[in-house]
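Chemist: Below are the structure tokens for one structure; questions will follow.
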Amino acid sequence: MPKDFPDHHDADLVIRFYEMRREAVTRDARKAMAAWMPKTWDDVVALSKPDHPNNAAFRQLSGYWEMVYGMARHGIAHGEFLMENSGEGMFFYSRFEPYLAQMREHMSPRIFTNCEWVSKHTEMGKTQLAMFVARWAKMNAAK
């Protein structure tokens, strides 16, 4: 059941999520994935292969953000408050959102379920996703 207002438990969760992002393995994964910019479905397929240099980073971050956003989807954390305090998950997800249908058909029918939920059911998620998708489009067009 979604919460109407954030409370101190939400603040505690957001701070813990931030602390977890600072952990060494997650920090390295964030750095690797920040530099990865897919241009085609083939780029996404390549990333999903175990021998891709960023495969572990992809799995680390996709699992992390799915866990975090699942807490919003299931009412454990206040969704708007969570999204107001971290745009990085939408930054990550925005690279995959154009390929979501293909990823679900070829990789997993549940992939990015929670990321998609916050991008459609929170105002801040909608805003952030639109901003990042536009940014990627502009960057890809400039190359």
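The values are calculated or read from the model by the stated rules, or taken from the named source; none is laboratory data. What you are looking at is a predicted structure, and each value in this text was computed from that prediction instead of being measured. A quick note on method: Cβ atoms are made from the backbone with ideal geometry, for glycine too, and the neighbour counts reach across all protein chains shown. Note: accessible area is taken over every heavy atom of the protein model, side chains too, but ligands, DNA and RNA are not part of it. Shrake-Rupley method; radii C 1.70, N 1.55, O 1.52, S 1.80 Å.
Chemist: What dipole magnitude, in Debye to the nearest 20, does the chain give about its Cα centre under +1 on Lys/Arg Cβ and -1 on Asp/Glu Cβ?
Modeler: 500 debye
Chemist: Continuing with the same structure: Leaving out ligands and nucleic acids, and using a 1.4 Å probe, what accessible area per residue does the chain come to in Å²?
Modeler: Using a 1.4 Å probe on heavy atoms only, each residue of the chain averages 57 Å².
Chemist: Normalise the Cα radius of gyration of region 3-78 by 2.2 N^0.38 Å (N = residues in it) and let me know the number.
Modeler: 1.32
Chemist: While we're here: At 222 nm, what value in deg cm²/dmol follows for the chain if DSSP H runs of at least 4 each add -39500 (n - 2.57) and the sum is divided by all its residues, to the nearest 500?
Modeler: -21500 deg cm²/dmol
Chemist: Out of the total accessible area of the chain (probe 1.4 Å, heavy atoms of protein only), what percent is carbon and sulfur?
Modeler: So the carbon and sulfur contribution to the accessible surface is 57 percent.
Chemist: Is the shape of region 39-97 best called rounded, prolate or oblate, per the rule: a/c under 1.5 gives rounded, else a/b larger than b/c gives prolate, else oblate, with a ≥ b ≥ c the square roots of the Cα gyration tensor eigenvalues? Walk me through the numbers before you get to the answer.
Modeler: On the way: a/c = 3.01, a/b = 2.18, b/c = 1.38.
Because a/c hits 1.5 or more and a/b exceeds b/c, region 39-97 counts as prolate.
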